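The values are calculated or read from the model by the stated rules, or taken from the named source; none is laboratory data. For clarity, every value in this text was computed on a predicted model and none was experimentally measured. Note that we place each Cβ from the backbone using ideal geometry, even for glycine, and neighbour counts take in every protein chain shown.
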Amino acid sequence: MRRLLAVLVLMAGLLSGCSRSDNIRIGVLSISSGPDAYVGQASDLALRDRVDELNAAGGIAGRKVELVIYDTRGEITEAVAAAHRLIDQDRVDVIIGPSWSGAAIPIAAIADEAQVPVIATTASNPLVTVDEAGAVHPFMFRVCFIDPYQGSALADFAYHELGLRRAGFITDITSPYSVGIQQFFSERFRALGGEVVAEEAYQANETEFRPMLTKVAAAGADVLMVPSATYRDIALAARQAAGLGINIQYLGVDGWMADDLLAMSGAELEGAYLASGVSTEAPRFAEFNAAFSAKHGIQPSIYAYYALDALAAIESAYYAAGSYADGPALAEVLANLKDTELFTSMVTVDPATHNPLNKPVEILQVRQGAWVLVKTYTPR
């Protein structure tokens, strides 16, 4: 009899290990090592800080919060494998990340099948949340604006505000993010009356841009658009262009946003413009930035801001749906967020696309080694 009881106790323990934790388990698909480690390092710290604050105050809707963070090293296969582990082994309730579209697009199908909500942070390609036929992924969300709006806003700014008419591109064709922004910028720029005179392509991790730059200059471009997902590409391109004596107006995207860019090529990019969903220089973040830097010895990044946006959306969803809400109930709330205060802004989600409807696009300029806000576009 004692042996039978022991077996039953053991089986109960094994079964309980396969069930979801009494804590709210939040998975995180991060990049905290490798060449793009700057994306995840501040984000992971910001999320841990916020979870500590929540747990000290009793958690979310009465349940303590547990983070399960995986380092994907910025590789799609690693991100997909980590998503499976978070869902199948760690039994998380919801996932924050990934930060790039190349990984987020395949993970959308995983989220739908498992019925576990995933909130991408800066993955902005339209196909992250809707499929090729335009049907929404019911469990995939994002807290950033999408590439069509960023590309169109930049085209409007280049044409109307800067008076530019002949655009050249250097685009990472292995990145859906880069290819998408080129497409949407080109369509809008041409519709306004501008020309696209050069379209040069490269692949991720290339370091030689001089032949492409020479072709762009020879085509007579008055603006060079580099929609790179990482700051290293534009930093290298700007330095090589300077070495060739090429002087051109640079236009960029939120993928450029890293303080290391200014340290590496700030002088060569003086006067360059880029789009971002948020500026770390905004006065409303000053207190947070100071406290974060004092605690961790590094500056917070826009990636940290967006990670906190995703966590704030999760908090709101649990309070609305109930602390023990399952994946479908959470997804229903997330799809219908309206005028919800996140870390960076108020957000309303479009139920048909799971995109935020009112995320602003801020146009920043590089001036004397700093980002300066020039103009804000607000989506209609």
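A few comments on the model shown:
- Unmet criterion (only one of (1) in a helix (DSSP H, G or I); (2) out of contact with any Lys or Arg (no Cβ under 6 Å at 6 or more places or on another chain)) for residue 240: (2)
- Selection from segment 65-95 of residues that are more than 23 Å from the chain's Cα centre (by Cα) and surrounded by 15 or more Cβ atoms within 10 Å (Cβ to Cβ): 90, 91
- Tally, over segment 26-54, of residues that are over 17 Å from the mean Cα position of the chain (by Cα), surrounded by fewer than 23 Cβ atoms within 10 Å (Cβ to Cβ) and either assigned to a helix (DSSP H, G or I) or aliphatic (A, V, I, L, M) (or both): 7
- Filter result for residue 272 (small (Gly, Ala, Ser), out of contact with any helix residue (DSSP H, G or I) (no Cβ under 6 Å at 6 or more places or on another chain) and loosely packed, with under 14 Cβ neighbours inside 10 Å): no
- Residue satisfying condition, being of a type in the set (A, V, I, L, M, F, W, C), assigned to a loop (DSSP other than H, G, I, E, B) and crowded, with 19+ Cβ neighbours inside 10 Å, within set 235, 267, 229, 304: 229
- Filter pass, residue 167 being touching a residue at least 40 places away in the same chain (Cβ under 8 Å), over 21 Å from residue 311 (Cα atoms), surrounded by 24 or more Cβ atoms within 10 Å (Cβ to Cβ) and out of contact with any helix residue (DSSP H, G or I) (no Cβ under 6 Å at 6 or more places or on another chain): no
- Qualifying residue in segment 13-21 (condition: in a helix (DSSP H, G or I), of a type in the set (A, V, I, L, M) and either modelled with pLDDT under 90 or under 16 Å from residue 117 (Cβ atoms) (or both)): yes
Residue by residue, here is whether (1) assigned to a strand (DSSP E or B); (2) farther than 30 Å from residue 250 by Cα; (3) not assigned by TED's automatic domain parsing to the domain that holds residue 226 holds:
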{"residue": "104", "(1), (2), (3)": "no, no, yes"}
{"residue": "111", "(1), (2), (3)": "no, yes, yes"}
{"residue": "124", "(1), (2), (3)": "no, no, yes"}
{"residue": "133", "(1), (2), (3)": "no, yes, yes"}
{"residue": "157", "(1), (2), (3)": "no, no, no"}
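- On the stretch given as segment 174-224, residues that are crowded, with 19+ Cβ neighbours inside 10 Å, in a strand (DSSP E or B) and out of contact with any Ser or Thr (no Cβ under 8 Å at 6 or more places or on another chain) total 3.
- Matching residues, segment 337-372, being closer than 21 Å to residue 123 by Cβ, in a loop (DSSP other than H, G, I, E, B) and in contact with a strand residue (DSSP E or B) (Cβ under 8 Å, 6 or more places away or on another chain): 337, 348, 350, 351, 352, 353, 354, 355, 357, 358, 359, 360
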